[in-house]
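Chemist: One structure coming up, written as structure tokens, with questions to follow.
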Amino acid sequence: MASHAEPSPLDPHLVTGHGHDHNPIAHVMPKWMLIAVFSALLALTAATVYFASFELGNYEVLVAMSIATVKAVLVATFFMHLKYDNPLNAAILLFSLIFVGLFIGLSILDTQSYRGDVDEWRANQASEAAGD
Amino acid sequence: MSAAAPAPPTGESGLDPDRSHHSEHGDADGHGEHAHVHDPHSPHGHAHHFESWRQQFDAGKLGMWLFLAQEVLFFSGLFCLYAVYRSLHPEVWEYADRFLSVPHGAFNTAVLLFSSLTMAWGVRCAMLGQRIGLTGCIAATLFCAALFLGVKSFEYTEKAHLHILWAGATEEPVMGGTRYDTPLVDVTDQVAEAEASSLTFAERESAALEATDVTLGKISVGCAIVALVLMVGAGLCWKLKANGWMVGLAAGVLCAIGMLVGAEGSMLLAHEMHGDHAGGEHHDGEAHDGHVETAHEMLEAESDVEIPPDGIGQFFSIYYVMTGLHAVHILAGMVVLTWLMIRAYRGDFTPDYFGPVDFVGLYWHLVDLVWIYLFPLLYLIG
Amino acid sequence: MAVETPTDYAAGEAAPSPERAAVPAGPPGYAEDNYLNHTKGLMSWLVTLDHKRIGMMYLVGVMSAFLLGGIFALLVRAELWTPGETIVTAETYNRFFTLHGAIMVFLFIIPSVPAALGNFVLPVMLGAKDVAFPRMNLASFYLWCGGAIFFLITLFRGSLDTGWTFYVPYSTSTETAVVTALTGVFILGFSSIFTGLNFIVTVHTMRPPGMEWFKMPLFLWAIYATSIIQVLATPVLAVTLLLLAVERTTGIGVFDPAYGGDPVLFQHFFWFYSHPAVYIMILPGFGIISELISTFSRKHIFGYRFIAYSSIAIALFGFLVWGHHMFTSGMSTVAAFVFSLLTFSVSIPSAIKVFNWLATMYKGNIWLATPMCYALSFIFLFTIGGLTGLHLGALATDIHLHDSYFVVSHFHYVMVGGSLVAFLGGLFYWWPKMTGKMYNDFWGKISALIVFLAFNLTFFPQFILGTKGMPRRYYNYVPEFQFWHQVSTVGAFMLGGGLLVAAVVLVHSLLRGKKAPANPWGAATLEWQCSSPPPHNNFDHPPTVGDPYALNRVVYDPDTRSYRQIDEFSNGGTPQQTAKV
């Protein structure tokens, strides 16, 4: 793919971040890092599928979401360059996630609080229908 | 190797035939002012209201991140629906996710992750001015996207044949006030018939699989024809030296073949899951066959006795809305990737001007991120 | 009436009054080449990438929408002249108030200040050549047009009668053209997102050297805060409307109770956008008022940082209070309590702004030009609107007042008395810059006076009606309400007349107005440093960035009949040399 001589992934220059790949505007991701991130993502996918085969009860959600979040962080940090970017971009992403949390959190808070009323109403409807 | 590396090291560009070829091309054509020819040293290359390449890149990147923030909030509505209805009806979720095939979902996850890798690699190539590498990476990403949609089309088709649809399609409204007195897609009779005809779920599933095979067969033939026609067109354009058209048509060929391979591959995978339980090898090489068998056996053992809970249609409503909107984003991404591939092959991108590649990459990674959450939420947690 | 002049000003000549400054005869500094005559022909406008032209096209667009929405408002008020059927049937009345609300909210108020005035002013005020993404800017305008077209289609395809809020289950069961309207709003949403995105990036990356964050005029801070809401809240509206459209066409059962959906959840989704959206409507208005109060009090703005931070605080707090629209919708008491508490917090930054404006005017030399008249009525009306909001944020009183005319009056005091009046103030303020023409200041003031009086005549009776129990959106009412309804209707038509006077004043200036000098008001922000109308590239020379409210550094220059900045590096004088006359 690249036109010039490929240093091996174990090349100390690459590992220490002093490779030949330069760009005047932005940071260039070294090849080994791209491949390492991809491998980690695949391994985590396998792990989440593997864990799903156990009956973990309520922890199932926790485990699956934790693994997904680790994967998401990997993608955002490396593939999406956030590690090397203006921190403002990461702040925007975090900020949007905070608002997502607010949105989902407050909506669930409410629907959970009034679900009793709804269930009761449904039960009444059902018993009325049965009574008729 | 900091983000603010001031200038390309000397000799770098000399090592790169693509880049020097490009600058020759630009000079020879005498299109110095042409918007698509970006000589890094030309003061007029960047848009007039920016002071520098750097400012233009930073502005574009910030804009893209804001767009992504917007996308996150856009998807948040669906995640909110999921969270609310899951917390209200956990039994529906527990019951319903058996209808989703984990191997297909896992394969699609791997495909999208790989497409993210090729996209990130493409950005790297663009930054280093490697034209062919960039074009290849975009082509690979595009192919993966089509593969993903192929698998998705199998999943949707199979569910349609099993009459697993959204709430309004199969259910009678439970109370008045709606405009519809009867379900939109009237499958009530068929479902009742199937239930009356003492077929086990597994038998109905096999029947649905047969029907899916037929439908997908037709789609695959269509894809193959489209691929052939486009291939001929691309060949013609190559002869006529219409490079932009050639790359565009080639992208179409990739998409058609990707769809075909995805759909047929999923079919094979499904047959393998349903047919021979002993043979645990899948063509995609995913390393979770043992689990797949267990889940499937569980399904077979339970489906005859367990009564589906009320509100199962709602789960599939949410499933279709979430995956559907995600698929729409994939489709939009494919359109943009095709455009990007044409520009990349033409040599529009240089180490000074690679913004569009980076920005489309960011979008593509976000679509991947959404799927990273969708896969466990819909397929795994039950 | 006071104005600052340098002491080296010709002693024999009387110090110019602002009125004289406002009617100059062909100032020598008038730029012949400007954005209006830079290129010619219809196409040069339709495909323009110039933010000023896009702003002008937006202005024409939103004013047409305002006219349409205003006609529906007058029809609504005419129908309410008597109880029962006056001019139309109940069904038609439902369509009228729905279209009035939907058109005013989505087509007029939301794009009015940011997209029309903001587009024109923001880059110039910032000292930039254009917004960061000019093509996206144009695309956003055409998206607005697309949304407007869908609204027009709605009008002719059975109209819309759900109210602008599209509440389920009515919106999934009515026979009117809900999906067409939803499509329109969906498209308008993306227009709004792109505008906001563009402005955020522009403010971040296009600031010229010297334009630090805390040297930005407060209008820019307000637009920046607005843009944050536009980018983060509007997509939730988009997905909500998309889900509603899918619900209506296929019945996915997430909002429609007929399939086990939860209509209250729809309200959560809807207000998660639509409450922040009211800050999209009012925050830019705050920004305009901050500019006007300082300029026309001839005084540095009081509490600059507090006003700037309060804009951001309003934008953020605005996301936390959406539940107060749902206190009587079957929301749980837990959530209602939380949202009520949070609602009161958002009043703090708004009050900070009002106090700072008052403190700015204190001991200032108040110049009652047309924009200032609008600004003063803004402060009065917005304060009433804001304070009545507290009644509605309090759980107990809201149970009584909810869905009554008290609510109608409250949000009209904020949206019309606030946003619209601020928009008009801004329009009269920047009109000379946008068109290069001075309008008749006397008639401008008359229009402000009529608007102020007629507005109160229209909406104050509605507070009374609301507390007495008149429900909103009703076609019929008990006879004892008729007096107040008729007062309100008379007021509404007078308000229409006042706005017509304002329109005539502005249009007349286009035909007969004197050429405007570069800086007719003596403001210190950057947009007044370039000629009126601005040249194609905004600035012929890079502007000098300084304190945007250093009004003591702006002096009247009789040669150009305009105000100008004192350059401390030239012999033009220093702040110490200026004297108040």
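The values are calculated or read from the model by the stated rules, or taken from the named source; none is laboratory data. These figures come from a predicted structure and were not determined experimentally. Cβ coordinates were reconstructed from backbone atoms using ideal geometry, including for glycine residues, and neighbour counts include every protein chain displayed. When the accessible area is computed, the model is the full protein with side chains, heavy atoms only, and any ligands, DNA or RNA have been set aside. Shrake-Rupley method; radii C 1.70, N 1.55, O 1.52, S 1.80 Å.
Chemist: Looking at (1) farther than 30 Å from C:W322 by Cα; (2) out of contact with any His (no Cβ under 7 Å at 6 or more places or on another chain); (3) open to solvent by less than 70 Å² (accessible area, probe 1.4 Å), find the lone condition where A:N86 falls short.
Modeler: For A:N86, the failing item is (3).
Chemist: Do the conditions hold for C:V124, that is, is it surrounded by fewer than 16 Cβ atoms within 10 Å (Cβ to Cβ) and not in a loop (DSSP other than H, G, I, E, B)? Walk me through it before giving the result.
Modeler: Values: surrounded by fewer than 16 Cβ atoms within 10 Å (Cβ to Cβ): no; not in a loop (DSSP other than H, G, I, E, B): yes.
Spelling it out, it is not the case that C:V124 is surrounded by fewer than 16 Cβ atoms within 10 Å (Cβ to Cβ) and not in a loop (DSSP other than H, G, I, E, B).
Chemist: From the list C:I288, C:I229, C:I280, exactly one residue is out of contact with any Leu (no Cβ under 6 Å at 6 or more places or on another chain), crowded, with 24+ Cβ neighbours inside 10 Å and modelled with pLDDT of 95 or more. Which is it? Walk me through how you get there before you give the answer.
Modeler: Working: C:I229 fails: modelled with pLDDT of 95 or more; C:I280 fails: modelled with pLDDT of 95 or more.
Step by step, each of C:I288, C:I229, C:I280 is checked, and only C:I288 is out of contact with any Leu (no Cβ under 6 Å at 6 or more places or on another chain), crowded, with 24+ Cβ neighbours inside 10 Å and modelled with pLDDT of 95 or more.
Chemist: Which residue out of C:G303, C:G251, C:G261 is farther than 21 Å from C:G425 by Cα, touching a helix residue (DSSP H, G or I) at 6+ places or on another chain (Cβ under 8 Å) and either more than 11 Å from every other protein chain (Cβ to nearest Cβ) or surrounded by fewer than 24 Cβ atoms within 10 Å (Cβ to Cβ) (or both)?
Modeler: Values: C:G251 fails: either more than 11 Å from every other protein chain (Cβ to nearest Cβ) or surrounded by fewer than 24 Cβ atoms within 10 Å (Cβ to Cβ) (or both); C:G261 fails: either more than 11 Å from every other protein chain (Cβ to nearest Cβ) or surrounded by fewer than 24 Cβ atoms within 10 Å (Cβ to Cβ) (or both).
That would be C:G303, the only listed residue that is farther than 21 Å from C:G425 by Cα, touching a helix residue (DSSP H, G or I) at 6+ places or on another chain (Cβ under 8 Å) and either more than 11 Å from every other protein chain (Cβ to nearest Cβ) or surrounded by fewer than 24 Cβ atoms within 10 Å (Cβ to Cβ) (or both).
Chemist: Let me ask something else about it. Read through the list (1) facing another protein chain (nearest Cβ under 10 Å); (2) open to solvent by 70 Å² or more (accessible area, probe 1.4 Å); (3) over 30 Å from A:I25 (Cβ atoms); (4) without any contact (Cβ under 8 Å) to a residue 12 or more places away in the chain, then give the number of the only condition that A:Y59 fails.
Modeler: Failing condition for A:Y59: (1).
Chemist: Right, something else. Check whether at least one residue in segment B:239-262 is open to solvent by less than 30 Å² (accessible area, probe 1.4 Å), touching a Lys or Arg at 6+ places or on another chain (Cβ under 9 Å), at pLDDT 90 or above and under 18 Å from B:V151 (Cβ atoms), and report yes or no.
Modeler: So far as segment B:239-262 goes, yes, one or more of its residues are open to solvent by less than 30 Å² (accessible area, probe 1.4 Å), touching a Lys or Arg at 6+ places or on another chain (Cβ under 9 Å), at pLDDT 90 or above and under 18 Å from B:V151 (Cβ atoms).
Chemist: Another one. Tell me which of these B:W53 doesn't satisfy, since it passes every other one: (1) at the interface with chain C (Cβ under 10 Å from one of its Cβ atoms); (2) open to solvent by less than 30 Å² (accessible area, probe 1.4 Å).
Modeler: (1)
Chemist: What are the residues in segment C:327-366 that are crowded, with 21+ Cβ neighbours inside 10 Å and either charged (D, E, K, R) or part of a loop (DSSP other than H, G, I, E, B) (or both), if any?
Modeler: Scanning segment C:327-366 gives C:F327, C:M331, C:K353.
Chemist: How about segment C:428-468: which of its residues are open to solvent by less than 10 Å² (accessible area, probe 1.4 Å), among the β-branched types (V, I, T) and within 24 Å of C:S404 (Cβ to Cβ)?
Modeler: Within segment C:428-468, C:T458 is the sole residue that qualifies.
Chemist: Could you please tell me which pairs satisfy a Cβ distance under 6 Å, a separation of 6+ or placement on different chains, a first residue in segment B:84-109 that is among the β-branched types (V, I, T), and a second residue that is crowded, with 19+ Cβ neighbours inside 10 Å and outside any helix (DSSP H, G or I)?
Modeler: B:V92/B:G311
Chemist: I'd like the full set of residues that are surrounded by fewer than 24 Cβ atoms within 10 Å (Cβ to Cβ) and either at positive phi or facing another protein chain (nearest Cβ under 7 Å) (or both), limited to segment B:118-149.
Modeler: B:G133, B:G136
Chemist: What residue, of C:L237, C:L242, C:L197, is within 13 Å of another protein chain (Cβ to nearest Cβ), in contact (Cβ under 8 Å) with a residue 40 or more places away in the chain, over 23 Å from the mean Cα position of the chain (by Cα) and in a helix (DSSP H, G or I)? Step through it out loud before you land on a result.
Modeler: Working: C:L237 fails: over 23 Å from the mean Cα position of the chain (by Cα); C:L197 fails: over 23 Å from the mean Cα position of the chain (by Cα).
After applying the criteria, what remains is C:L242.
Chemist: Which condition number in (1) more than 30 Å from C:D262 (Cβ to Cβ); (2) modelled with pLDDT of 90 or more is the one that B:G324 fails?
Modeler: That leaves (1) as the condition not met.
Chemist: Looking at segment A:52-94, which of its residues are under 17 Å from the mean Cα position of the chain (by Cα), under 20 Å from B:R86 (Cβ atoms) and not aliphatic (A, V, I, L, M)?
Modeler: A:E60, A:S66, A:T69
Chemist: Something else now. Does segment C:163-184 hold any residues that are more than 9 Å from chain B (Cβ to nearest Cβ) and either without any contact (Cβ under 8 Å) to a residue 40 or more places away in the chain or in a helix (DSSP H, G or I) (or both), and which are they?
Modeler: C:S171, C:A177, C:V178, C:V179, C:T180, C:A181, C:L182, C:T183, C:G184
Chemist: Follow-up question, since we're still on this one. Run down C:L495, C:L511 and say which single residue is open to solvent by 10 Å² or more (accessible area, probe 1.4 Å), among the aliphatic types (A, V, I, L, M) and in contact (Cβ under 8 Å) with a residue 12 or more places away in the chain. If you could, list the steps in order and put the result at the bottom.
Modeler: On the way: C:L511 fails: in contact (Cβ under 8 Å) with a residue 12 or more places away in the chain.
The conditions single out C:L495.
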